[in-house]
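First the structure, in the form of structure tokens, and then the observations on it.
The values are calculated or read from the model by the stated rules, or taken from the named source; none is laboratory data. The structure displayed is predicted, hence computed values, not measured ones. Here the Cβ is made from the backbone with ideal geometry for all residues, glycine too, and neighbour counts use every protein chain on show.
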Amino acid sequence: MRVLAAADKFKGTASAASVCAAIGHACWDLGIDCVEMPMADGGEGTLDVLGGPNRSSVVTGPLGTAVEAEWRLHRGVAVIEMARASGLTLAGGSDNNNPLDATTQGTGELIDKALNEGAKKIIVCLGGSATTDGGLGALRAISTPARLRAVEFLVACDVDTYFIDAAKVFAPQKGASKSQVTMLTGRLERLAQMYESEYGIAVNNILGSGAAGGLAGALAALGATLMPGFDIVAEEVEFYDAIRATDLVITGEGLLDETSFDGKVVGSVYQYAQNSKTKMAVIAGDVDIEMSSYADIDVMNLTAQFGAELSMQQVLRCVEDATRLYLQTK
């Protein structure tokens, strides 16, 4: 048997790489070949999956103070995770954020640095943002946007929200009150008109343009191609070739629920597995979904198997034990 370990991070408890390593340990203990391929959906953690940072730059943080943001440039490919420059965590969470003033300027500064250092391909990973500025801060920070026409410019999105809906859908999670959501929506409407007037791109008609508070739409106005984050990662790590060469793919995440099958890692792996006719299993910290619609997936629920406390405190040991027990029955 050949196994492909292709898990997402278990948010707050384990990285995608460590989860895949735990699956791999169980496989090798049983004499089963395993390829470890950590995955991500374009949000936080994607930079690590695509090789990890090898650059660090001081840029403008979401609330205007300087932050040190890590990013990657290797063989002409730049990977920028916007959360590291303009993330909600950097703003101190929703309670300390200023939703009206939070800016994507730092993300734009990283894009500008990537261009200055000769990047031929730029991947911007969205997710975890503090911002609803419609990407205006980032756009203004790119000194010569025309240079982007000479590079392959991809934006990894993990949502399908449209540009003008970004405030209504996401701003409350970033600390915005109802009145602030109304103000932010009005600002996004004006920016959509401005981007169409200046760049000829109707950003609100582009699926996913509301990602990261509209940053995706602003980058699309500059010529970026918006893609599901998982597909970008899959292309970079050659996931499709790997899953076609395996008998069983084991994926996973912290909580398996309805959103898991809506552009996230588990749902995306499921689609690839169906296309390649590969058997699939999922390891989840906990499960909050009726799985009758996915009867062809084997599910390992760590909370049900080991209890809530152990599955949180020793998640990697539980992942390894659950994998070993599962494989011994196959």
Scope the range 9-50; condition outside any helix (DSSP H, G or I), in contact with a Pro (Cβ under 8 Å, 6 or more places away or on another chain) and within 23 Å of residue 244 (Cβ to Cβ); matching residues:
41, 42
One residue is enough: does the range 272-280 have a residue meeting the conditions farther than 27 Å from residue 29 by Cβ and part of a helix (DSSP H, G or I)?
yes
Qualifying residues in the range 1-13 (those that are at pLDDT below 95 and more than 19 Å from residue 233 (Cα to Cα)) - the one surrounded by the most Cβ atoms within 10 Å (Cβ to Cβ):
13
Count of the range 191-225 residues which are touching a Ser or Thr at 6+ places or on another chain (Cβ under 7 Å) and on the phi < 0 side of the Ramachandran plot:
7
Tell me which residues, restricted to the range 1-53, are among the basic types (Lys, Arg) and more than 13 Å from the chain's Cα centre (by Cα).
2
Within the range 79-98, track down each residue that is touching a Gly at 6+ places or on another chain (Cβ under 9 Å), over 15 Å from residue 132 (Cα atoms) and assigned to a strand (DSSP E or B).
79, 81
